[in-house]
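Just below is one structure, and these are the notes that go with it.
The values are calculated or read from the model by the stated rules, or taken from the named source; none is laboratory data. The structure displayed is predicted, hence computed values, not measured ones. Reconstructed Cβ throughout: ideal geometry from the backbone, glycine too, with neighbour counts over all protein chains shown.
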Amino acid sequence: MAEIQTPNPARPNRFREALQIVDPGASNPSGIAHAIVAACAEVRSEGGSTATDPAVRLMVTQLAWVCHANSFIDDYGQLLAECRRRLAEETVA
């Protein structure tokens, strides 16, 4: 007979983390990013794909929303140029 396993709330679980991030709605980009990194490690340890994992994708969606990424798409070239400019300034300094 198969033993039924109950979830361990102390053990990291990317699905639990993803749901906690979107409901009620996390607003700290750093916290979301750390959760994404941990979720990616969990997926890789299971041999899965981080690009298709629903928990990873849900967390990335929340991060995009928090960072207003939908408006960044139009500004991609400008953002890229600004990052390159600032990096060049640091290199010179």
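In table form, for the structure just shown:
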read-out	value
Within region 66-78, considering residues that are part of a helix (DSSP H, G or I) and more than 21 Å from Asn28 (Cβ to Cβ), the one modelled with the lowest pLDDT	Tyr76
Residues (under 22 Å from Ala69 (Cβ atoms) and of a type in the set (Ser, Thr, Tyr)) located in region 8-57	Ser27, Ser30, Ser49, Thr50, Thr52
Count - residues of region 22-53 that are of a type outside the set (Gly, Ala, Ser), at pLDDT 95 or above, over 10 Å from the mean Cα position of the chain (by Cα) and in a helix (DSSP H, G or I)	3
